[in-house]
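Below is one structure, written out as structure tokens; the observations come after it.
The values are calculated or read from the model by the stated rules, or taken from the named source; none is laboratory data. All values derive from a computational prediction rather than experimental measurement. Glycine gets a Cβ as well: all are built from the backbone with ideal geometry, and neighbour counts include every protein chain shown.
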């Protein structure tokens, strides 16, 4: 059977123009009306891959590796500079269409317009508009001009339209950015549903967990080239090994922030593993978090605490000196506090670290640094991959 | 796959499949224009009618030019309404691609749809505006003749011509943003080169002979003469208008073909440039 998507030796070159606003006069002088002074940049090179029917295919890579460009080529929004990419079916993308909305028109009118834009015919739209509106959860405002919508409502309506297109291939680019948690859940359910119907899905993500869970095969893009292709697990392993060795940031910019009155201030946070030269810590190793502080006045019984979140926001642990029964006494001047773990149970991945100092009642923050620090856990000796931690349990077999 | 077809029949077929989108986009333009007004859609009819009233009053009582033209207000409208169709189509369509920038990044659809929808919406408004004109013309006692058959032909030619121009303008504006500004000046000059307020004879009688040849190379000038023949049974200038009709048709075909080619050539880089 003919594959759904077949890319052979695909390359995409961009011309980056140096001085964007060019006057007509200048263009005439250079005799290049439609050309800017440019440098060339190959966003993609020698890309070969095949996506079969009913397959969930992953594309992973760090920011700027060419993932989005590849998606656009598949969607037909851009054409490759060299090579061919043939797509045998209707491509749908899970996207935020709100940008194409007309503010003066009502929600329903915009649904009709944008559904047509995606290639639905009037009959199909008549069938689906009820589903679309219900999915978006804004039935009550559907006859209101969308300029009165909140940004969340706009986004939900935009996604609802694109997710109701009946595509042969669904392109999903970083789903987790969609609206509130409840709506995200519904989007993921819908993706599962389409997969169960035997549709192909292309999932672009830098979330390793998602790629592992959902994809059968994957490619890893690095600086525009396919670094590794194969089954998803293999590709993720190769990618993680690469990330471990180069200590590259896998995840984009972190959220978080810092607040507090700073009578006592956190001056530095140190992570100390078994190998002090390396910022990657292995599962099962010991790890010590050292919080350096400087108290500008004497503070009685401050509470030191920290929290670890997984990169997707899951709160894993949050110990502090009060709940652990450590009394800190009166603190003044500078010093440090240590939190030592002898056997980190965390599975490989990227984690965010928060540190904080509060008053004795944990009501008043002196210095709270929310997820401003990050560390990576390597796989060490464990082969476990499911979940968050390894409990180092022991199996025994009774026959 | 989309956007791969480069032949005209292939493109026409593709656009036919996207006819609903053109309709929806044109509908959006028409609806959005009167969305917040109390009378809403009625304005499409009322606007040309009120213009007619003003023109009739002005030219019947105030500034009585001795032009020797019968039904002068109707005469003006037969030139002015087609002119409005041209001017609004072009000045709106020139930005149609740039304004849709965000959408182009996300959804694949034949890009011609955007300028086509603009021309479509304006065509709709134009035809609607002809209704009060028809009523007015019957009221002042002009009898329609078989020349009325020229009206649909003229509308068709003008529409195709505008489509060709809008392809060129919208595609060029993506790369060279000066186009939009230049267009405004060109439209102003073009307006005075068209016989909207004056009969062509006024120019032709005073100008040297070679000028008249150039004068009707302007397809809008020829079209206005045709509109007046069709609607008002107006006398034609003392020239063989069939020749100029043929020239206008040829220009239309050339503009459309060249404009479309140009559009297809440029559209590859739309996404990168926006």
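Within the range A:85-106, track down each residue that is buried (at least 20 other Cβ atoms within 10 Å of the Cβ) and in contact with a strand residue (DSSP E or B) (Cβ under 8 Å, 6 or more places away or on another chain). Residues satisfying the conditions are A:85, A:87, A:91, A:92, A:93, A:94, A:95, A:105. The lone criterion from (1) more than 14 Å from every other protein chain (Cβ to nearest Cβ); (2) surrounded by fewer than 18 Cβ atoms within 10 Å (Cβ to Cβ); (3) farther than 30 Å from residue A:123 by Cα left unmet by residue B:42 is number (3). Taken over the range A:179-209, the criterion of being touching a strand residue (DSSP E or B) at 6+ places or on another chain (Cβ under 8 Å) and without any contact (Cβ under 8 Å) to a residue 60 or more places away in the chain is satisfied by A:194 alone. With a requirement of 3 or more residues that are away from chain A (no Cβ under 14 Å), the helices (runs of 4 or more DSSP H) lying completely within the range B:168-274 that satisfy it span B:178-193, B:200-206, B:209-215, B:219-232, B:241-267. One residue alone among A:334, A:360 is part of a strand (DSSP E or B) and either farther than 29 Å from residue A:390 by Cα or assigned by TED's automatic domain parsing to the domain that holds residue A:273 (or both), and that residue is A:334. Restricting the search to strands (runs of 3 or more DSSP E) fully inside the range A:46-138 and requiring at least 1 residues that are under 23 Å from residue B:109 (Cα atoms), modelled with pLDDT of 85 or more and more than 10 Å from chain B (Cβ to nearest Cβ) gives A:82-87. Here residue A:349 clears all of (1) within 28 Å of residue A:264 (Cα to Cα); (2) surrounded by 17 or more Cβ atoms within 10 Å (Cβ to Cβ) except the condition numbered (1).
Condition check ((1) more than 30 Å from residue A:207 (Cα to Cα); (2) surrounded by 19 or more Cβ atoms within 10 Å (Cβ to Cβ); (3) at pLDDT below 90) across all residues:
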| site | (1), (2), (3) |
| --- | --- |
| A:258 | no, no, yes |
| A:272 | no, no, yes |
| A:282 | no, yes, yes |
| A:305 | no, yes, no |
| A:338 | yes, no, no |
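Before we move on, is residue A:61 assigned by TED's automatic domain parsing to the domain that holds residue A:222 and closer than 21 Å to residue A:89 by Cβ? Considered against the rule, which asks whether it is assigned by TED's automatic domain parsing to the domain that holds residue A:222 and closer than 21 Å to residue A:89 by Cβ, residue A:61 comes out as no. Tell me whether the range B:105-123 contains one or more residues that are surrounded by fewer than 19 Cβ atoms within 10 Å (Cβ to Cβ) and farther than 19 Å from residue B:255 by Cβ. Within the range B:105-123 (the criterion being surrounded by fewer than 19 Cβ atoms within 10 Å (Cβ to Cβ) and farther than 19 Å from residue B:255 by Cβ), the answer is yes, since at least one residue qualifies. Within the range B:138-146, is even one residue within 14 Å of chain A (Cβ to nearest Cβ), part of a loop (DSSP other than H, G, I, E, B) and more than 22 Å from the chain's Cα centre (by Cα)? Among the residues of the range B:138-146, not one is within 14 Å of chain A (Cβ to nearest Cβ), part of a loop (DSSP other than H, G, I, E, B) and more than 22 Å from the chain's Cα centre (by Cα), which makes the answer no. I need a count of the residues in the range A:318-331 that are surrounded by 12 or more Cβ atoms within 10 Å (Cβ to Cβ) and not in a loop (DSSP other than H, G, I, E, B). Qualifying residue count, the range A:318-331: 2.
Of the residues A:139, A:109, the single one that is in the same structural domain as residue A:192 (by TED's automatic domain parsing) and buried (at least 20 other Cβ atoms within 10 Å of the Cβ) is A:109. Do we have any residue at all in the range A:14-22 that's assigned to a strand (DSSP E or B), away from chain B (no Cβ under 14 Å) and either more than 25 Å from the chain's Cα centre (by Cα) or at pLDDT 85 or above (or both)? Checked against the condition, which is being assigned to a strand (DSSP E or B), away from chain B (no Cβ under 14 Å) and either more than 25 Å from the chain's Cα centre (by Cα) or at pLDDT 85 or above (or both), the range A:14-22 yields no hits at all.
Matching residues to (1) in contact (Cβ under 8 Å) with a residue 24 or more places away in the chain; (2) in contact with a helix residue (DSSP H, G or I) (Cβ under 8 Å, 6 or more places away or on another chain); (3) in a loop (DSSP other than H, G, I, E, B):
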position	(1), (2), (3)
A:289	yes, no, no
A:294	yes, no, no
A:306	yes, no, no
A:313	no, no, yes
A:344	yes, no, yes
A:350	yes, no, no
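Summed over the range B:28-39, the residues that are facing chain A (nearest Cβ under 8 Å) and either surrounded by 17 or more Cβ atoms within 10 Å (Cβ to Cβ) or in contact with a strand residue (DSSP E or B) (Cβ under 8 Å, 6 or more places away or on another chain) (or both) give a count of 3.
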